[in-house]
Structure formats: structure tokens, C-alpha cells
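Take a look at the structure below.
We did not get these values from a lab; they are worked out from the coordinates using the rules stated. Since we're looking at a predicted model, the values are computed, not measured. So basically every Cβ, Gly included, is an ideal-geometry build from the backbone, and we count neighbours across all protein chains shown.
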């Protein structure tokens, strides 16, 4: 991530180019962002994940296989869900922090990709720059799964859409509201709208918009818009969604962001603007009293715990397809 000083604090520069979708002339595919896949393929992932959630998927497609999990950024949900998911599918997961791999000491990504490809059957990475995961995919001979980059967070948004299907019966015809930073979550919601075609309104403060090229691509196929009033985004919405104001790596911007995001808290008044049966989502961890009130996240419309659980199921589906030979 590139930074430049603004009001005395580092400020992330939004990407102004379309992230390159890495496609290999090989027998396997990667999962770098939602836009890598068609609506039919995403729906198949949902179908597999729903079987897994219902306990009806009995196969062990990862038997005898290993997943390397590289964490340049720490995480609770990503680590536990991938590690448990790999084990439940019959496989084995290896946790690799910057202290455990030579990436933390400057080894080229290409070299790490080549070496790990000789040992494991898939690599999940949670890192900073999206270009790093693209380079990893370019040189690896095994599937690469995006556990998060500063640009996109595809596994989380697929889990979110799975939660919408679980509680609202489907995503078609639904109105999704994103309230907060135009961050990797907002970008992934735009990618999901591009592929799946639902309506998406993003309420972001001035200067905190999502990636412009990702937005333009989504707007070419779906009804998406950016507004400055959270109440406008929430009006008649089926889903209200938010995230922390300062993501990992942006802690020094906290004071600046608190000022910029004043009025963007999701509270009961915002929820009342949505439909009566609307649900609230948050990718977690949450800062109660900041981007969301305790009354909302712990209230009857909140589905954040089902949402967190669905990380396990959707990621198992991704691993089953990419590493285990499950067919779309």
C-alpha cells in the first residue's frame, strides 16, 4: 500500500487501475477475486457450501492434501475457518506467519511460490498489496486462494451473500447497503454485484470511495451507486452492512477517520430506514459504539454470527473445488 501525508497522517492511495485477473494455462484455477468467476460458478459454490452447512456433504476431497496458510496479516476468523475447514475435508493446514517463512526476511514471492508448490496442494494468503497475491499466483503451480488483500476480501463477501441466501431466500432482487469506508470489503461487494447483478448502494464519506475502476466495471452490469448520506443508502434496503472505520494498518489514521466518518454509525435509526425484515451484517471484528451500536450488532436483526460461521462453509466449498476436484 502506498501512503502520502495528509493532515499529518498516512492516507492510503486508492488504486486507479483494474486489478489484473491472473489466469493460468494450467489444469487448476486460483481464487483471487469474485470477478474471476461466473454467476453460474459462484452459485455452484453456494450450493456446495449449503450442503456443507446442512451436514449433507460427506466427501473428503482433501484427503492426503495440505494447504499452506500464509498470514502477513493476523486474523481470527480466516485462520480458524481455513484450518478447521481443511481438516473437515480430510486435509491438513499449515499456519505460516512472517516469522515462519522467508517472505518475512525478504525472499522473493516468486521463490516462495515455487518452493511451496513442491510441498503443498494449495496456498491461502492474507496479505497487504494485491500485487503480491497476483505474483504468487503467477509463479505457483498450485491453486492460490485470497484470504484478504488491501484491495479485496472475496471469501468474506461470498460468506455474506451466503448469509443473505440463508436468511432472505436469495440475493436476486435484493437491495444491499454498504455504509462506511470504500475499502476492500466495499470493492468486493462491487465485484459481487458485477457478477451476481443485485442492487448495491455505498454510503462513503468524501475522499473514501471504493476503487474507481472496480466501481465502473460493476456499474456496467449492475445498479450500483455512491451516496454521501447513510440514511439514503439504508432506505428500503434488505441488507445493511458495515466495517470498522480504520482497518488493519490504518491505526495511525484513527483520529482523522473518526472525524471523516462522523454520522456514518449504523444505529437503530438507520435500521428503521431499511425494510422491516432487513438484516445487519459486519465482517468483524467490530467496534461497538463506533461504526455500529451495540443495540444493532447484538439486536434481533443482526446475523453476524451466522455470517462468521459461513466463512467456514464457503471456504470449504472453494477448497473442495480448487484443491479437491469437486466439479462446478
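Figures for the structure shown
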| item | result |
| --- | --- |
| √(5λ) per eigenvalue of the Cα gyration tensor, segment 258-328, largest first, Å | 32, 14, 10 |
| Within a Gaussian network of the chain (alpha carbon springs, distance under 10 Å), most fluctuating of 234, 177, 140 | 140 |
| Taking the C-alpha atoms of segment 155-308, convex hull volume expressed per residue in Å³ | 99 |
| P(r), alpha carbons of segment 188-241 - 5 Å bins starting at zero, rounded % | 4, 22, 32, 25, 16, 2 |
| Relative contact order (percent, whole number), segment 219-328, Cα cutoff 8 Å, 6+ residue spacing | 26 |
| Simple spin-label estimate for residue 232 and residue 105 in nanometres, 7 Å along Cα-Cβ | 5.4 |
| Neighbour-count order for 168, 196, fewest beta carbons within 10 angstrom listed first | 168, 196 |
| Whole-number D in µm²/s for the chain (Stokes-Einstein; Kirkwood sum over Cα pairs; 10 °C, 1.306 mPa s) | 79 |
| Label-zone membership for segment 159-186, site residue 88, 7 angstrom Cα→C-beta point, backbone N under 16 Å | 159-160, 162-163, 166 |
| Of 85, 122, 64, the one that fluctuates the most in a GNM where the chain has Cα springs shorter than 10 Å | 64 |
| Within a Gaussian network of the chain (alpha carbon springs, distance under 10 Å), most fluctuating of 275, 174, 56 | 56 |
| For 290, 134, order by how many other beta-carbon atoms lie within 10 Å, fewest first | 290, 134 |
| Cβ-based exposure ranking for 227, 157, in which fewest neighbours within 10 Å come first | 227, 157 |
